[in-house]
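Trainee: Quick one: the structure is below, and I'll ask about it shortly.
The values are calculated or read from the model by the stated rules, or taken from the named source; none is laboratory data. Just so it is clear, the model here is predicted, and its values are computed rather than measured. All Cβ positions, glycine included, derive from the backbone under ideal geometry; neighbour counts span all protein chains shown.
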């Protein structure tokens, strides 16, 4: 823990070298690097969706109905085939990455922010605040996440907002618990006592000394959480209470394709594969990050 | 031990009251008017207003919530808008199917996860370990609803070996249980592996090796017993995931369980059913976790001795 004490005196320099260490260890793991590359690739696909699969009338579009073209099996023109409206499935999968990543990032930002605040308050102040907040977290934890999501999504008009709340509130306990646990360890450290003794305010101590030292497990949790968010958002859309057609969302596409599964396998194959690859890559990255942040955990 | 169980049961009460509060509040703020749903779209406004008064929907939030929990305490979950039957009866009649599906998937998850985890840990860094770790990561990444569809495609449509809907005969159990169980099997495998690796580094294992004990005895008698303790907790937590998986899978395989009923209820805005279903499943989940914790305390002498 000696290096953490140094952290107070020489914060910026130390922080850079710690990140550098993490990156050095992360780079060594082939699994983690593969995950990172796939995630970067997916983000690029999402950013350049309009270039990769333009929808301008001449090209097979993700949103242009062409009933003469429906239910085509994968071929040279439509590498993933077409759906029941003759839309190109490849184009829809490409554009779907936008929706999934966007939903994922919003959900993670939402649940991480709330979770970190709840966990930090509970861990730092203890007593009454901790009791109330953690009992609330217990309540959320005792409802299986998909059920919580279903009841939230059912209470609202389906769409982006309902997904973010449904999945985000379901994921909140994970962040709150991780945060609380790390705050509890950090706040007993000597450098916190030192900060008190020089007269720093509680808010300043939390912001400047506690949070930066709790960030590692939260980053790991957020990477895994992104996978979780994309998965559950797709599940809700699959059930018909998330993103609604005609928006190209992977889960919703699976739900449409499911009706034609007996004759048109390609409609359920590719959107699901996209979800699986995305989540697989994020999990690989998350595993790698966890090992890189805390080499002691590596077995 | 009794004291421990009693204390845990008492601790469940405030949590469950909290659950009712969350669920009730969600329905309270919900868009849409239950009285309107019940009366029908064409019903005149006066009739809807009368129904609203009759159902107590005009009362303040606190009054409505209090009435709701006193009803719930008497197992009165209200009446389904769609079928007109009591929600409790509707859900209880579907309960065994959902539990059966969940139980089958837990069995599959444990039977696959634990042995693979042990093998992986005892042969650490071998090709098998690498492959198992990779497959495990894949297992937790494949969405179970997609896995269901892929299994239907392969075993139902292509090969024609297994039925793809219903849940009455053993051959109908296989696909749904596997599609839910696989991801939990992967998680249990990862947990068993890391917990086993930890235990294998302990001094008492070295002692057992030093005195010349056979490898299999060390693994099964000395290591496994201790390694399985954290695995029990994970299995308990996974039950919540499996219950959730059951909801999705029931819809895919047309299984007449709670999950399918609830998803149909969402489409029909049948709130009493959603409320009742979530509450009963949350209660089940809490009870299962209590049982898991009791088993945990029972198998771990360190915890057991605290409650002697």
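Trainee: If only one of A:235, A:229, A:252 is closer than 17 Å to residue A:62 by Cβ and out of contact with any strand residue (DSSP E or B) (no Cβ under 9 Å at 6 or more places or on another chain), which one is it?
Mentor: Testing whether each residue is closer than 17 Å to residue A:62 by Cβ and out of contact with any strand residue (DSSP E or B) (no Cβ under 9 Å at 6 or more places or on another chain) leaves just A:252.
Trainee: So, in segment B:130-149, exactly how many residues are farther than 27 Å from residue B:163 by Cβ and either within 9 Å of another protein chain (Cβ to nearest Cβ) or buried (at least 18 other Cβ atoms within 10 Å of the Cβ) (or both)?
Mentor: 7
Trainee: Quick one: count up the residues across segment B:1-58 that are within 14 Å of another protein chain (Cβ to nearest Cβ) and outside any helix (DSSP H, G or I).
Mentor: The number of residues fulfilling the criteria is 5.
Trainee: Can we say residue A:220 is away from every other protein chain (no Cβ under 14 Å), in contact (Cβ under 8 Å) with a residue 24 or more places away in the chain and within 14 Å of the chain's Cα centre (by Cα)?
Mentor: For residue A:220, the condition - away from every other protein chain (no Cβ under 14 Å), in contact (Cβ under 8 Å) with a residue 24 or more places away in the chain and within 14 Å of the chain's Cα centre (by Cα) - is met.
Trainee: Read through the list (1) buried (at least 18 other Cβ atoms within 10 Å of the Cβ); (2) within 14 Å of chain A (Cβ to nearest Cβ), then give the number of the only condition that residue B:201 fails.
Mentor: Condition (1) is where residue B:201 drops out.
Trainee: With A:172, A:184 as the choices, which residue is more than 9 Å from chain B (Cβ to nearest Cβ), more than 25 Å from residue A:105 (Cα to Cα), touching a residue at least 60 places away in the same chain (Cβ under 8 Å) and assigned to a helix (DSSP H, G or I)?
Mentor: Exactly one of A:172, A:184 is more than 9 Å from chain B (Cβ to nearest Cβ), more than 25 Å from residue A:105 (Cα to Cα), touching a residue at least 60 places away in the same chain (Cβ under 8 Å) and assigned to a helix (DSSP H, G or I), namely A:184.
Trainee: For segment B:150-161: of the residues being surrounded by fewer than 18 Cβ atoms within 10 Å (Cβ to Cβ) and modelled with pLDDT of 85 or more, which is nearest to the other protein chains (Cβ to nearest Cβ)?
Mentor: Filtering first and then ranking leaves B:153.
Trainee: I need the full set of residues from segment A:237-266 which are touching a residue at least 24 places away in the same chain (Cβ under 8 Å) and at the interface with chain B (Cβ under 10 Å from one of its Cβ atoms), in order please.
Mentor: A:239, A:240, A:241, A:250, A:251, A:257, A:263
Trainee: Looking at segment A:142-161, which of its residues are assigned to a helix (DSSP H, G or I) and either surrounded by 21 or more Cβ atoms within 10 Å (Cβ to Cβ) or at the interface with chain B (Cβ under 10 Å from one of its Cβ atoms) (or both)?
Mentor: Across segment A:142-161, the qualifying residues are A:145, A:146, A:147, A:148, A:149, A:150, A:151, A:152, A:153, A:154, A:155.
Trainee: Quick check on residue B:124: is it surrounded by fewer than 16 Cβ atoms within 10 Å (Cβ to Cβ), within 13 Å of chain A (Cβ to nearest Cβ), more than 28 Å from the chain's Cα centre (by Cα) and touching a residue at least 40 places away in the same chain (Cβ under 8 Å)?
Mentor: Yes, satisfied.
Trainee: Name every residue in segment B:261-274 that is surrounded by fewer than 24 Cβ atoms within 10 Å (Cβ to Cβ) and in a helix (DSSP H, G or I), in order of residue number.
Mentor: B:263, B:264, B:266, B:267, B:272 - these are the residues of segment B:261-274 that are surrounded by fewer than 24 Cβ atoms within 10 Å (Cβ to Cβ) and in a helix (DSSP H, G or I).
Trainee: Another question, then. Which ones in segment B:237-260 are away from chain A (no Cβ under 12 Å) and part of a helix (DSSP H, G or I)?
Mentor: none
Trainee: Please find, within segment B:280-308, the residue that is nearest to the chain's Cα centre (by Cα) out of those that are facing chain A (nearest Cβ under 9 Å) and modelled with pLDDT of 85 or more.
Mentor: Applying the filter and picking the extreme gives B:285.
Trainee: Moving on to the next point. Does residue B:165 qualify as being within 14 Å of another protein chain (Cβ to nearest Cβ), in contact (Cβ under 8 Å) with a residue 40 or more places away in the chain and assigned to a helix (DSSP H, G or I)?
Mentor: No; evaluated as a whole, the condition is false for this residue.
Trainee: While we're looking at this one, here's another question. Any idea which of (1) more than 28 Å from residue B:267 (Cα to Cα); (2) in a helix (DSSP H, G or I); (3) more than 14 Å from chain B (Cβ to nearest Cβ) is the one residue A:164 doesn't satisfy?
Mentor: Every listed condition holds for residue A:164 apart from (1).
Trainee: OK, next. For segment B:79-87, state whether one or more residues are surrounded by 13 or more Cβ atoms within 10 Å (Cβ to Cβ) and assigned to a helix (DSSP H, G or I).
Mentor: yes
Trainee: Quick one: residue A:104 ticks every box in (1) within 30 Å of residue A:262 (Cα to Cα); (2) within 14 Å of chain B (Cβ to nearest Cβ); (3) surrounded by 16 or more Cβ atoms within 10 Å (Cβ to Cβ) bar one, so which box is it?
Mentor: The one condition residue A:104 does not meet is (1).
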